[in-house]
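Okay, structure first, notes after.
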Amino acid sequence: MQKIGYLIPEFPGQTHIFFWRELQALPGKGVAPELVSTRPPPARIISHSWAKEAMSRTEYLAPPGAKGAFGLARAAAEVARAMPTGWARCLASIARAEGLDAKGRAQLLAFAVMGGRLAALARERGWKHVHVHSCANAAHVALFANLLTGLPYSLTLHGPLEDYGPNQKEKWRHAKFAFVITKKLLDEVNHELAGALPKDIELAPMGVELHKFNRSVPYSAWTGEGPLRIFSCGRLNPCKGHADLIDAVGLLRAKGIDARLAIAGEDEAGGTTYRKVLEAKLAETKLGDAVTLLGAVSEDKVRGEIERAHIFSLASLQEPLGVAIMEAMAMRVPVVVTGAGGVPELVDDGVDGILVPPQNPQVLAQKLETVARDPKEAHRLGEAGRRKVETQFSSERSAEMLARMLQRAAL
């Protein structure tokens, strides 16, 4: 069994269910992942049933209090051990950093110290590799651990490079290998980071646990009477298009359709930022009785809401791929979602779901109504969605690919 560090920033967050699934699958592939994270997330977004277990298994690089001081001492010792050559490599990397001002370069010094902490953990735990599920500052931490001690690392890119901050070439240049989750992102990486990429880059879509996302009762389409139940799932952030979906619900209700929307997810601050914007919108449009903001909820709650829904909808302005969409498809619920980003690699319009343009509540409302008023088509789309996920988007796939790349890198 190969032991590795498995680095996820601010774990366990509300969008981290995929990582937990991959963690469960890896031991069956001969890999023993040990969790490490930059710091815990805000308490109000820790919602999953497995969160307590996950936190007990996670080593945090920047915890508060005495433990933090102890960790800092170990980081300093590792940096001292790497002197002068390893620290010289770190300083040279900071000098090469692109897109950073003087303050940003100074922050890299702090990440270099955190890299020493990661390297010390690797030495203590016997890790020969660290996989980083981020290309933001967690990748900087792994980069500096590598420059200090030679600890190999790999990356997974989950969204557009611009979402993960500057200095991407330096983060990728030193990685042993990397994954991207869509063809669209692979094209972006090859174009933007040419000359600074590891030799091995693989396409590894995210996936779901099919045995968990299966219905306990058959799907039942809307009959035209009673509430039309629409479910959406995504953190409360403008990029998820929740405001557009709320507007679409308002348009449906104006036509006499008793549309009811439930949204699972919370803003990154735990309910004090974008949630307030959406609450104000609901008050202004008088849709508070028709739209429910569920907050950060567990996987079991999400599964239950999907099973109750007639339609799943997500109106993202830019969605890298969409695990929540996969989950709905796995549950045989028809999906009406925006086709921005990598979603067309998951949903074939008119075949196993419906795609609409982003930021267009009128078209979204029209397509929601079309699916709702055609129970036979709703059933067909749901069954086709399940088949798509079964054949192409199992959570086992990414675990198998990571295990295979680790084995190749060790040769």
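Rounded to the nearest whole Hz, the Karplus-based 3J(HN,Hα) values (6.51 cos²θ - 1.76 cosθ + 1.60, θ = phi - 60°) of the stretch 27-34 follow the sequence x, x, 9, x, 10, 10, x, 10, with x at glycine and proline.
Note on ALA196/ASP289: beta-carbon distance plugged into 1/(1 + (r/R0)^6) with R0 of 41 Å gives a FRET efficiency of 0.20.
In summary, the convex hull built on the alpha carbon positions of the stretch 351-411 has an orientation-averaged projected area of 6.1 nm².
Under the criterion of Cα pairs below 8 Å and six or more residues apart, the relative contact order for the chain equals 16 percent. The distance linking the stretch 171-191 with the stretch 216-264 is 35 Å (Cα centroid to Cα centroid, whole angstrom).
Quick one: pull the percentage of alpha-carbon pairs in the stretch 1-108 with a separation above 25 Å. Above the 25 Å cut-off, the stretch 1-108 has 40 percent of its Cα pairs.
The percentage of C-alpha pairs in the chain whose separation is greater than 31 Å is 41%.
Largest first, the three principal axis extents of the alpha carbons in the stretch 178-301 are 56, 37, 28 Å in whole numbers. For the stretch 246-294, the convex hull drawn through the C-alpha positions has a volume of 65 cubic angstrom per residue.
Averaging Cα coordinates gives a centre for the stretch 275-342 and one for the stretch 369-411; these two points are 19 Å apart. Per-residue extension of 0.36 nm, minus the Cα-Cα distance of ALA269 and ALA110, leaves a gain of 54.9 nm for this segment. Less than 5 angstrom separates the built amide H of HIS158 from those of CYS135, all sequence-distant by 5 or more or on a different chain. Legend: distances between Cα atoms for LYS3/LYS171; LYS255/LYS376; LYS29/LYS212; LYS3/LYS388; LYS29/LYS376; LYS169/LYS240; pairs beyond 30 Å are LYS3/LYS388; LYS29/LYS376. When the inverse distances between all different Cα atoms of the stretch 228-392 are averaged and flipped, the Kirkwood radius reads 15.4 angstrom. Footprinting exposure proxy ranking of SER56, SER398, SER93, fewest other C-beta atoms within 10 angstrom first, gives SER56, SER93, SER398. Taking amide H positions as modeled 1.01 Å from N, with prolines and chain starts lacking one, the residues under 5 Å from PHE177 and 5 or more places away or on another chain are LEU155. Looking only at the stretch 151-192, which residues have a backbone nitrogen under 18 Å from a spot 7 Å from the Cα of GLU400 in the C-beta direction? Counting only backbone N, you get 179-182.
Exposed loop sites here are GluC sites (Glu not before Pro) assigned a DSSP state other than H, G, I, E or B and surrounded by at most 14 other beta carbons within 10 Å; excluding them, the longest clear run of the chain is 226-411. Put a dot 7 Å past the Cα of VAL363, heading toward its Cβ, do the same for ALA80, and the two dots end up 6.2 nm apart.
Bridgeable aspartates and glutamates around LYS176 (alpha carbons under 18 Å apart, same-chain partners fewer than 8 residues away excluded): ASP200, GLU202, GLU400.
Every number here is computed from the coordinates shown, using simple stated rules; none is lab data. Treat the numbers as computed from the prediction; the structure is a model and nothing was measured. Note that we place each Cβ from the backbone using ideal geometry, even for glycine, and neighbour counts take in every protein chain shown.
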